[in-house]
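Asker: For reference, the structure I am asking about is given below.
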4 protein chains.
Amino acid sequence: MAEPGSAARPARDTAQRFAAGSPRVLVAGATGFAGALAAYLLWRHPGFELVAVTGRSEVGRRLDELYPRYRVPLAIEELRLDRLEGVDAAVVAYPHAAAAPTVGALRERGARVVDLSADFRLGSLATYERWYGAHPRPDLLEQAVYGLTELHRQRIAGAAIVANPGCYPTASVLALAPLARAGLVADVVIDAKQGVSGAGRVYDETTHLSMAAENIVPYKVAAHRHTPEIEEQLAWLSGGGSPADEEGGGERSPGGSSVAVQFQAHLLPLDQGELASCYVTPTRAVTAAELAERFAAAYDQEPFVELVATPPGVREVRETNFCRIFAATDEHTGKVIVFAAIDNLWKGTSSQAVQNLNVMFALPEGEGLL
Amino acid sequence: MAEPGSAARPARDTAQRFAAGSPRVLVAGATGFAGALAAYLLWRHPGFELVAVTGRSEVGRRLDELYPRYRVPLAIEELRLDRLEGVDAAVVAYPHAAAAPTVGALRERGARVVDLSADFRLGSLATYERWYGAHPRPDLLEQAVYGLTELHRQRIAGAAIVANPGCYPTASVLALAPLARAGLVADVVIDAKQGVSGAGRVYDETTHLSMAAENIVPYKVAAHRHTPEIEEQLAWLSGGGSPADEEGGGERSPGGSSVAVQFQAHLLPLDQGELASCYVTPTRAVTAAELAERFAAAYDQEPFVELVATPPGVREVRETNFCRIFAATDEHTGKVIVFAAIDNLWKGTSSQAVQNLNVMFALPEGEGLL
Amino acid sequence: MAEPGSAARPARDTAQRFAAGSPRVLVAGATGFAGALAAYLLWRHPGFELVAVTGRSEVGRRLDELYPRYRVPLAIEELRLDRLEGVDAAVVAYPHAAAAPTVGALRERGARVVDLSADFRLGSLATYERWYGAHPRPDLLEQAVYGLTELHRQRIAGAAIVANPGCYPTASVLALAPLARAGLVADVVIDAKQGVSGAGRVYDETTHLSMAAENIVPYKVAAHRHTPEIEEQLAWLSGGGSPADEEGGGERSPGGSSVAVQFQAHLLPLDQGELASCYVTPTRAVTAAELAERFAAAYDQEPFVELVATPPGVREVRETNFCRIFAATDEHTGKVIVFAAIDNLWKGTSSQAVQNLNVMFALPEGEGLL
Amino acid sequence: MAEPGSAARPARDTAQRFAAGSPRVLVAGATGFAGALAAYLLWRHPGFELVAVTGRSEVGRRLDELYPRYRVPLAIEELRLDRLEGVDAAVVAYPHAAAAPTVGALRERGARVVDLSADFRLGSLATYERWYGAHPRPDLLEQAVYGLTELHRQRIAGAAIVANPGCYPTASVLALAPLARAGLVADVVIDAKQGVSGAGRVYDETTHLSMAAENIVPYKVAAHRHTPEIEEQLAWLSGGGSPADEEGGGERSPGGSSVAVQFQAHLLPLDQGELASCYVTPTRAVTAAELAERFAAAYDQEPFVELVATPPGVREVRETNFCRIFAATDEHTGKVIVFAAIDNLWKGTSSQAVQNLNVMFALPEGEGLL
């Protein structure tokens, strides 16, 4: 690994235009879809200096060879923990269990970390171990803040480790937060759909165009790892959780009542895009007016949440950090229906990581993302 | 309109190989997706003679010009009611309200009819009028049988008018029938997804590839016309409805208890294919074993229902009359999840029409469809 | 490997309806796209009995698990050469070099073979070895007939080994044959485009939907192995080659003049479909009338070639054995333009194999394919 | 039409951040694909103020309703020629023949114009009239400069009217310019492919997903209006045309020798993307080294042309102003093969318009585009 920042840049620097003195950021695991997109967003970001992209494979190849669209002209390096001086922050894009030790090593060398894996998303260690096996670094859990920016902005600002949410929980929790906070969710079915990029750079029969195109397939029936993540957040919200409450620190799950979420994932015949269709049985009747008020109160000041008047298509948010939300009541059934559309790779993963970095380093939250 | 049967056939007759003395069938409204596919299936059917294809537009053009894939070399004619002698059956592929008068006229000339519109699907005239406006021929309702073949086979066999189900009800009701019949459905959310062909030969922003590709969009929130159709069938089933019960005639909705169905449609970025994801809150705990037994009992002898061991993708049933069903219990929530995949144009529309014609004319049910 | 024919068939036999005494056929290499489709076509074929499907992987799994759409309920077996008694024919779907030894072994046990690989496509051993390396069984070359049915029907009828053409040569040679036979091709550019299925069941970045969708990529520039195959056929045609000439045997390349073909392949963002756009500089001026006559003379009696009046889209031939051809002159440049559209997996590979089997066993050429 | 600039902007201004004193630009015809994208690019451009978007339909609707992805929160207005004071420039996105009168009116009120139609692309009025009919404003032709930025940059800088090239000529001429300028093109076949967005917001059977997906179709055989545009540019280049030569003014077609171009368009099953595959018969043998040198000399300093080492896919340039070019010689045929990939809506249309505006107003050429 070269000295941070020394990676050769070509003469025609297509995007990088960071200000002098910008925080220096590294992306570990830049060969996967999520890491590569994070590298792209940071490379073109005016407020960060992307100092290195590392990978556990493809070392020596340039990232713009693997991902031509992103045009990041840096060579992929091995992660050398002895050369991290001057690195202010890192995005870690490793699989769960592989991430935590690297997050720990980076922390010990002073870098603040946005971790894209599941390792620090769950407040409950027991829940983590039920779904993922032994946790490699449970000691770090207390340093970690759940990185759904809109809900935990204040604690993210000061966090050492930000556990970037899963893409499904991002859409699902944003869709349900205004109802959960009001204690209105008695029961909920989340029917979620996502493009093939959600599987990452995995080459098998689920991603081969000849199987994936002209298809839609449900997967992980009654057993999706994102369910407990959603349930933890809804429980925290139902206990009154809000960004403002967090100022003094606060528990991750402050005693809200829990709802067993029916979550179901489907694979869509498209590249990037995710829709969470949420069907809520409310604890009491909810009028359209109350619904509109609650969503407006929650999101009118949010730069990346768009409340829309017609059900959103995922194209409307493709390659953006926006989440589009539409909520309605159904007089026939009494249920509340909420749709949330995001780009699973952007707001669902990598651009939310940059949104969090912006918050962590006191930059305008939309810097590099609008 | 030429004399039935006189339409010129080209020298190289690519498919038509009907047996002498086969019932003579006409397709009215063959210029739309559903009618054109019905014409194709009947043209290549060994047990029917396709005598004419009619349209309200495109008269004089050959159907294989409009639909090259189907290779039906007949010219589109105007429907001439004075030239229907010798026509044994008709498939009517008109929009609702436009269909009923034509169905009536065909009946009066002795033809048995499979109607693809909504005009004869609902047992309750009041429900019809709430969703579709005044009914042009309410007098014919009592002649009509609901054409979900697997549920109403016995009455279809003798029916004068078969009301071919909507594509969404086909998948949804097949998914839920074994539970509904056992009175197990306390509450149900149906999250349904369908390809663009479901909109038919409509040219607008919902079908333009530049908007429809790389997208998924919910539509008709809390207001889909297929909801009452599903509810009527579930009510009939919960009252003990079964093909065998029908032998003696029987009401269409024999007093079963009703469930308010939460039905939601989504537009998929693909051509043909439909998935109904059903989330049932059961009236009592249901074990995996009971679930498997109930579905096996309902469908093991059905030629076009396939119970599968993994969640079905719509590709698996594309351009077939099959419905693939997967059912599971979720221990976490206690809910029952059922997926049903069909091709919306085939089993959801036109091949089911042919399946019904086979039943009506005592041909093997799979003739021309396997 | 079980006794041929003993493979268990399920109770609900969805398609297999072969006549008693039908030739018994085996598919070797049924786990790939081409072999699986050949198995499907033979399974539902009324004139052949599919006795076994073999694979070098996935042994023991059922073919309908790997390829649900095809619904062939046979278990994949190892190929046991000691159990081939009673096998009349085989389709071999192996990669080049792996195919020839198996073809030889099958021949020695009396089976007639349609080989889908490149091993027997080229008349010139030297050309083969330049592109593919050493030939494992050059002794068999003289038994082999090039399997472009429309050109070599008469010799195919009696052949021991039929070398099924590559998909690109199928479309290209059908497009150019009427011109080549008349010695009209001075120079030709073939710009060919094919769907992802052409790569087969290969999982990599060329087939991952996230890279292949919304894309088109040229590949193998100035170096496609199909070029010499096309050139050999055009040379044979320019020497006067025709099905009738072949009756007495005849050379594979009887001294026609050769044209250096500019062939270029492109990967399309779709599953099945292939278009060859051919730009011919003629040896002399060609009128539209002459062009129409030559193509009509060549193909008017061909059951699977359709001359069309507007440029064909590949959808029009999807999942069929048809080749659609459109030819035009360009007054501006004097060139002749010919488009040929096929389904690369059907006419380009597996259904043409069945067409050849029909010819070899004196069945109607379209049996099981219309 | 409101006073320029007075159009209400919403509180949360997602992108517009132009500098004070920026040139004020209007987009006429913003309801189509090209105009809407131009509006989006100008709205987020730091160096232009987008003062109004006009349309001949949809007046009063907000542009972000029609094109949610672009998030331009301006209402569509009628074009009021009496309210153009203070408008420095306009992008006109009208069909041919409709554009010229509006271009004239805008010129008469002092605005500089980038015209996206064909009205000012051809130097020869006779050629224009052969393909498009009578020219509404031939008097303006001498004010117009052909807007392929890389070729005509110097004259564009001072132009009153810039005739933005067609998307096919953009890719084709960039692919061939280094060869044409050296007089190396004896004969050329251009096989071009483009996504459905090239047809614009047209709703018919060519754009309906059910016809356009899983398809590729050639269109306008031997009769594409872009052919003369390409030929004029190649003739100009073969006469030694270069940006530097133009300084003193210069003819649009200074006497180069002409080549009859064989151009063929195909419709691809994707939204945005265009590939021109060019097959050149050179006037003399060209080595790989000479080829590489000529392309490097032409494009090494070009900010938006990328010479690449492997054939480019259109995904690599999607939603960018880049043109990726790959050139190779074919020893077998002696031909030169060049591929050029662009996004037909971006570099092929709207982002090239902005590139031209940057040049016209002396802004950095990549401003707002990188």
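The values are calculated or read from the model by the stated rules, or taken from the named source; none is laboratory data. A quick note: this is a predicted structure, and the numbers were derived from the prediction, not measured. With ideal geometry, Cβ positions are generated from the backbone for all residues, glycine too; neighbour counts draw on all protein chains shown. SASA here: full protein model, heavy atoms, side chains in, ligands and nucleic acids out. Shrake-Rupley method; radii C 1.70, N 1.55, O 1.52, S 1.80 Å.
Asker: Output, in nm with one decimal and in ascending order, the distances from the A:Ala288 label point to the matching label points of the other copies (7 Å from Cα along Cα-to-Cβ).
Answerer: 4.4, 5.9, 6.8
Asker: Report which residues of the stretch B:328-370 become buried by 50 Å² or more of accessible surface when going from the isolated chain to the complete set of protein chains (1.4 Å probe; DNA, RNA and ligands ignored).
Answerer: Going by heavy-atom accessible area, the residues of the stretch B:328-370 that drop by at least 50 Å² are B:His332, B:Lys335, B:Leu370.
Asker: Can you give the angle from 0 to 90° between the axis of helix A:226-238 and the longest principal axis of chain A, with both taken from C-alpha atoms, to the nearest 10?
Answerer: For A:226-238 against chain A, the angle is about 60 degrees.
Asker: Which of the residues in the stretch C:209-225 lose at least 40 Å² of accessible area when you go from the chain alone to all protein chains together (probe 1.4 Å)?
Answerer: In the stretch C:209-225, residues shielded by partner chains: C:Leu209, C:Ser210, C:Met211, C:Glu214, C:Asn215, C:Ile216, C:Pro218, C:Val221, C:Ala222.
Asker: Of all DSSP beta bridges located in the stretch D:275-370, what percent are antiparallel, nearest 5?
Answerer: That works out to approximately 80 percent antiparallel.
Asker: Hey, what angle do you get for helix B:33-43 against the long axis of chain B, alpha-carbon based, 0 to 90 degrees rounded to 10?
Answerer: That works out to roughly 70 degrees.
Asker: Shape call for the protein assembly as shown from the C-alpha gyration tensor, a ≥ b ≥ c root eigenvalues: rounded (a/c under 1.5), prolate (a/b greater than b/c) or oblate?
Answerer: rounded
Asker: Chains C and D: what accessible area do they bury, summed, in square angstrom to the nearest 100, with a 1.4 Å probe?
Answerer: 3600 Å²
Asker: Once you have a ≥ b ≥ c as the square roots of the Cα gyration tensor eigenvalues for the stretch D:146-225, tell me rounded if a/c is under 1.5, and otherwise prolate or oblate according to whether a/b is larger than b/c.
Answerer: oblate
Asker: Mean-square fluctuation check for chain B, GNM, Cα pairs under 10 Å: which of B:Pro303, B:Pro228, B:Pro169 is largest?
Answerer: Result for chain B, Cα springs under 10 Å: B:Pro303 fluctuates most.
Asker: Please calculate how many Å² of accessible area chain C carries per residue, with a 1.4 Å probe and no DNA, RNA or ligand atoms counted.
Answerer: About 32 Å² of surface per residue is accessible.
Asker: Most mobile of B:Arg294, B:Arg318, B:Arg130 per a Gaussian network model of chain B (Cα springs, under 10 Å)?
Answerer: B:Arg130
Asker: Would you kindly derive the ³J(HN,Hα) couplings of the stretch B:109-125 from the backbone phi angles with the Karplus curve 6.51 cos²θ - 1.76 cosθ + 1.60 (θ = phi - 60°), listing them in order in whole Hz, with x for Gly and Pro?
Answerer: 9, x, 7, 7, 10, 9, 9, 8, 7, 7, 4, 10, 7, 9, x, 9, 5
Asker: If one takes the longest principal axis of the Cα atoms in chain A, at what angle in degrees, from 0 to 90 and to the nearest 10, does the Cα axis of helix A:167-181 lie?
Answerer: Helix A:167-181 and the main axis of chain A meet at about 40 degrees.
Asker: Here's something else I'd like to know. 5 Å is the cut-off here: which amide hydrogens, built 1.01 Å from N in the peptide plane, fall below it relative to D:Val145, excluding neighbours closer than 5 in sequence?
Answerer: So D:Val145 has HN proximity to D:Ile161, D:Val162, D:Ala163.
Asker: From the label point of C:Arg61, set 7 Å from Cα along Cα→Cβ, how far away are the matching label points in the other copies, in nm, ordered shortest to longest?
Answerer: 2.6, 4.4, 4.8
Asker: So which residues of the stretch C:41-74 lose at least 10 Å² of accessible area, probe 1.4 Å, when you go from the chain by itself to every protein chain present?
Answerer: Listed in order, they are C:Pro68, C:Arg69, C:Arg71.
Asker: Return the long-range amide H neighbours of A:Leu50 (sequence gap of 5 or more, or a different chain), with a cut-off of under 5 Å between placed amide H atoms.
Answerer: Residues meeting the amide H criterion: A:Val25.
Asker: Using DSSP, restrict attention to beta bridges with both residues in the protein assembly as shown and report what percent are antiparallel, rounded to the nearest 5.
Answerer: 45 percent
Asker: Highest GNM mean-square fluctuation, chain A, Cα pairs closer than 10 Å: which of A:Ala353, A:Ala223, A:Ala36?
Answerer: A:Ala223
Asker: Something else now. Which of the three applies to the stretch C:109-189, rounded, prolate or oblate, going by the alpha-carbon gyration tensor with a ≥ b ≥ c and a/c under 1.5 meaning rounded?
Answerer: Cα axes put the stretch C:109-189 in the oblate bin.
Asker: Quick one: pull the percent of accessible area on the protein assembly as shown belonging to carbon and sulfur, 1.4 Å probe, ligands and nucleic acids left out.
Answerer: 50 percent
Asker: What are the nm distances, shortest first, from A:Pro46 to its equivalents in the other copies, labels at 7 Å along Cα→Cβ?
Answerer: From this label point to the equivalent ones elsewhere in the assembly: 0.4, 7.3, 7.3 nm.
Asker: Over 22 Å between Cα atoms: which of A:Lys335/B:Lys193; A:Lys193/B:Lys347; B:Lys193/B:Lys347; A:Lys220/B:Lys347 fall into that group?
Answerer: Exceeds cut-off: A:Lys193/B:Lys347; A:Lys220/B:Lys347.
Asker: Considering only chain B, what is the antiparallel percent among its DSSP beta bridges, to the nearest 5?
Answerer: Around 45 percent antiparallel, to the nearest 5.
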